[in-house]
Amino acid sequence: MARAELRDSICAALLAALLLAACGSAPKVSEPLLRKQAVEAEADGAKRYARGDYAGAARHFGAASQLQQSLDDPAAAARNQLNQARAELALGQAEAALHRAQRIAQTELALDSLLLQAQANLALGKPAAVRANLDAAAAACATNCAQAASLNLLQARAALADKRMADSLRHAEAALKLLQDKDEAAETGNAWRLIATARLAGDDAANALPAARAALDIDRQLALPEKIARDWLLIGDIQRRVGAGDTAPAYRRALDVATAAGLTDIARIATQALADVTTKKETPR
């Protein structure tokens, strides 16, 4: 390298260093207080939802939505409204979740809102409304739609509620295929559980058991007590149907998990199932 070129190279390096230092020493523009509070409230809501504190999540998402609305950011406000509705649905407040989701007018959230409305109407026992929501969602979900797996899972649940076992199994298997090679373990576990439930309801208990155990393996990895307990209940129901002798231990595992996690409804179901199989001879049902 010529001396002049070396000098130019050194000068350029020094200039870059000086510019970097100047940028580093420039005063930082602080985040406006209200926007910072909104972001923190939304993040806190997400953390609470993830650990099952749905009441806390609903409060924080609501606070974030109000703050974002005050900052004239309707998209962020609507996003938090949708998350608040999800938390309300998880709390069993299906009517409140439904009304909140119906008020969301943001185009980019339309499909997510329809899916949430379908879940709420399913919980409320409104099959006609569920079908309307799912038909609209299917029309909005084009090829390669990011929510296709979630849509199929909801279609499987709706079909199961309508006692359309073949349709339920078809949608659950379609969801499982869509979830392959994706980092969505929770949804994959849901798909396996629905497959097992549909097979059991369709008198295919033998093939239902591997699917239920696949769901259990995933839910254990994710450390989800409610789903683990429900998986054991399902396994007990399957073993009871085929007349297996180890039915009671499955229900007992469900009871142990539910009791430890404070899941009173599931504990009650497990207690009754355990009583049924231990006080009288098991019969296929």
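The values are calculated or read from the model by the stated rules, or taken from the named source; none is laboratory data. Since we're looking at a predicted model, the values are computed, not measured. Reconstructed Cβ throughout: ideal geometry from the backbone, glycine too, with neighbour counts over all protein chains shown. All accessible areas refer to the heavy atoms of the entire protein, side chains included, with ligands and DNA or RNA removed. Shrake-Rupley method; radii C 1.70, N 1.55, O 1.52, S 1.80 Å.
Looking for something under 16 Å from the mean Cα position of the chain (by Cα), farther than 20 Å from A120 by Cα and either at pLDDT 95 or above or not in a helix (DSSP H, G or I) (or both) - is there at least one such residue anywhere in the stretch 64-75? Walk me through how you get there before you give the answer.
The first filter runs over the stretch 64-75 and keeps only residues under 16 Å from the mean Cα position of the chain (by Cα), leaving none.
No, the stretch 64-75 contains no residue that is under 16 Å from the mean Cα position of the chain (by Cα), farther than 20 Å from A120 by Cα and either at pLDDT 95 or above or not in a helix (DSSP H, G or I) (or both).
For (1) under 19 Å from Q66 (Cα atoms); (2) loosely packed, with under 15 Cβ neighbours inside 10 Å; (3) of a type in the set (S, T, Y), each residue gets a yes or a no:
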site: Q84; (1), (2), (3): yes, no, no
site: E88; (1), (2), (3): yes, no, no
site: R103; (1), (2), (3): yes, yes, no
site: Q119; (1), (2), (3): no, no, no
site: K126; (1), (2), (3): no, no, no
site: N133; (1), (2), (3): no, no, no
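Which of the residues belonging to the stretch 45-104 are touching a Ser or Thr at 6+ places or on another chain (Cβ under 6 Å) and within 18 Å of A129 (Cβ to Cβ)? If you could, list the steps in order and put the result at the bottom.
Pass one, the stretch 45-104, residues touching a Ser or Thr at 6+ places or on another chain (Cβ under 6 Å): 77, 80-81, 101, 104.
Within the stretch 45-104, A101, I104 meet the criteria.
Any residue in the stretch 213-234 that is within 16 Å of Y251 (Cβ to Cβ) sitting within a Cβ distance under 8 Å of a residue that is among the aromatic types (F, W, Y) and in a helix (DSSP H, G or I)? List the pairs, counting only those 6 or more apart or interchain.
That search, which allows pairs on different chains as well, returns L216/W232; W232/Y251; L233/Y251.
Restricting to the stretch 29-52, name every residue that is part of a loop (DSSP other than H, G, I, E, B) and open to solvent by less than 50 Å² (accessible area, probe 1.4 Å). Give the derivation first.
Initial filter on the stretch 29-52 (part of a loop (DSSP other than H, G, I, E, B)): 29-32, 51-52.
G52, the sole residue that qualifies.
Looking at L98, L89, can you tell me which residue is within 21 Å of G45 (Cβ to Cβ), in a helix (DSSP H, G or I) and under 15 Å from the mean Cα position of the chain (by Cα)?
L89
Could you count how many residues in the stretch 134-183 are more than 16 Å from the chain's Cα centre (by Cα) and not in a helix (DSSP H, G or I)?
10
How many residues, within the stretch 101-123, are in a helix (DSSP H, G or I), over 15 Å from the mean Cα position of the chain (by Cα) and within 16 Å of F61 (Cβ to Cβ)?
2
For the subset of the stretch 184-204 comprising residues that are within 16 Å of W232 (Cβ to Cβ) and among the aliphatic types (A, V, I, L, M), which member is nearest to the chain's Cα centre (by Cα)?
That would be A196.
Yes or no: the stretch 156-168 includes at least one residue that is without any contact (Cβ under 8 Å) to a residue 60 or more places away in the chain and closer than 28 Å to R48 by Cα.
Filtering the stretch 156-168 down to residues without any contact (Cβ under 8 Å) to a residue 60 or more places away in the chain leaves 156-168.
Next cut, closer than 28 Å to R48 by Cα only: 157.
Yes, the stretch 156-168 contains a residue that is without any contact (Cβ under 8 Å) to a residue 60 or more places away in the chain and closer than 28 Å to R48 by Cα.
Any chance the stretch 183-195 includes a residue that's in contact with a His (Cβ under 9 Å, 6 or more places away or on another chain), hydrophobic (A, V, I, L, M, F, W, C) and closer than 22 Å to A148 by Cβ? Lay out the reasoning, then the answer.
To start, the set of residues in the stretch 183-195 that are in contact with a His (Cβ under 9 Å, 6 or more places away or on another chain) comprises 194.
Filter once more, so that each one left must be hydrophobic (A, V, I, L, M, F, W, C): 194.
The next check asks that each one be closer than 22 Å to A148 by Cβ; those that pass are 194.
Yes, there is a match, as at least one residue in the stretch 183-195 is in contact with a His (Cβ under 9 Å, 6 or more places away or on another chain), hydrophobic (A, V, I, L, M, F, W, C) and closer than 22 Å to A148 by Cβ.
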